[in-house]
1. May I ask you to verify whether Asp66 is of a type in the set (D, E, K, R) and in contact with an Asp or Glu (Cβ under 6 Å, 6 or more places away or on another chain)?
2. Taking Met97 and the conditions (1) touching a residue at least 40 places away in the same chain (Cβ under 8 Å); (2) among the aliphatic types (A, V, I, L, M); (3) within 18 Å of Pro64 (Cβ to Cβ), which numbered condition does it fall short on, given that it satisfies the others?
3. Step by step: first the residues of the range 107-117, then only those that are over 23 Å from Ser193 (Cα atoms) and not hydrophobic (A, V, I, L, M, F, W, C), then the one that is surrounded by the most Cβ atoms within 10 Å (Cβ to Cβ). Which residue is that?
4. So which of Leu84, Leu76 ends up being in contact (Cβ under 8 Å) with a residue 12 or more places away in the chain, farther than 20 Å from Ala147 by Cα and not small (Gly, Ala, Ser)?
5. Collect the residues in the range 145-194 that are closer than 23 Å to Ile13 by Cβ, open to solvent by 70 Å² or more (accessible area, probe 1.4 Å) and among the hydrophobic types (A, V, I, L, M, F, W, C), keeping them in residue-number order.
6. Check Ala174, Ala164, Ala152 and return the single one that is assigned to a helix (DSSP H, G or I) and modelled with pLDDT under 95.
7. For the range 107-149, enumerate the residues that are touching a residue at least 60 places away in the same chain (Cβ under 8 Å) and in a loop (DSSP other than H, G, I, E, B).
8. Evaluate the following for Ala133: is it out of contact with any Ser or Thr (no Cβ under 7 Å at 6 or more places or on another chain), open to solvent by less than 10 Å² (accessible area, probe 1.4 Å) and within 12 Å of Lys185 (Cβ to Cβ)?
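The values are calculated or read from the model by the stated rules, or taken from the named source; none is laboratory data. Since we're looking at a predicted model, the values are computed, not measured. Cβ atoms come from the backbone with ideal geometry, glycine included; neighbour counts cover every protein chain shown. Accessible surface areas use protein heavy atoms only, side chains included; no ligands, DNA or RNA. Shrake-Rupley method; radii C 1.70, N 1.55, O 1.52, S 1.80 Å.
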Amino acid sequence: MSYNLLKGKRGIIFGALNAQSIAWKVAERAVEEGAQIVLTNTAVACRMGTIDELAKKTNAVIIPADATSVEDLENLFVEAQKALGGKIDFVLHSCAMSMNMRKKRTYDDLDYSFLDKTLDISAISFHKMIQVAKKLDAIAEYGSILALTYVASHRTFFGYNDMADAKALLESIARSFGYIYGREKGVRVNTISQSPTMTTAGGGIKGFDGRYA
C-alpha cells in the first residue's frame, strides 16, 4: 500500500545490481511512495546486472558512475539534477566490496592492496559522494543521505574480515559529515544496518543464512 510519503521527492540510489540487492528494493518502494529516482552503479555492474529491468519498472534514469571516482560523481550529480528537474532530496549509498573476502583471505592474512580497495569502495566513496554533492550544492535543504552499514562495525563477526573495518570507517564519516552538513544545510547523514534477510550483502556474512526468519 502506498501513502505517497515521497511524493515530489527526487533521489539517487547507488548499488542496485539485481533483485536481491537492498538498493533494488529501496528503489521499488521509493517509487511506490511517489519519488522520482536516478539509478547508478559502475558501468561494468550496469552491464552485468539487471538494472535495466529495474529502470523500466520504476521509470528511472540510469547514470553509470564509479563511486570511487570524483569525476564520475561530479557528472552524476550534475546530470541527475537535470534528469530529475531539481536538487536531490535523498541519496542511498549501497556500495561495498571486499576482494579479501572473495579470495577467502582471513583477517590475519589480508592482501593490503585488496584492503585499500575495500576501504575506498565501501567507505571512502561515501565521503567522496557527500563532498562532491556538498560542493555542487546538489542536495536540497533538509535532504537525507543514507548508507548501509552492519553491526560488525561494533562487534566481531568471524569471516567478515576487512569489511568490518570499512563499516567502522563508514560510520565515522557519517558522524563527521553529518555534523557539518547538518549544521550548514540541515542535511541528515545516517547509516542503517540490515537484519538477517536474504540479500546480496547478507550472503557475504558467515552464518547469516542460519538466522533468516
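1. So Asp66 fits the description; yes.
2. Tallying (1) touching a residue at least 40 places away in the same chain (Cβ under 8 Å); (2) among the aliphatic types (A, V, I, L, M); (3) within 18 Å of Pro64 (Cβ to Cβ), Met97 fails exactly one: (1).
3. Among those that are over 23 Å from Ser193 (Cα atoms) and not hydrophobic (A, V, I, L, M, F, W, C), it is Asp111.
4. Details: Leu76 fails: farther than 20 Å from Ala147 by Cα.
Among Leu84, Leu76, only Leu84 is in contact (Cβ under 8 Å) with a residue 12 or more places away in the chain, farther than 20 Å from Ala147 by Cα and not small (Gly, Ala, Ser).
5. Ile192
6. When all the criteria are applied, what remains is Ala152.
7. Selection gives Leu136, Ala138.
8. yes
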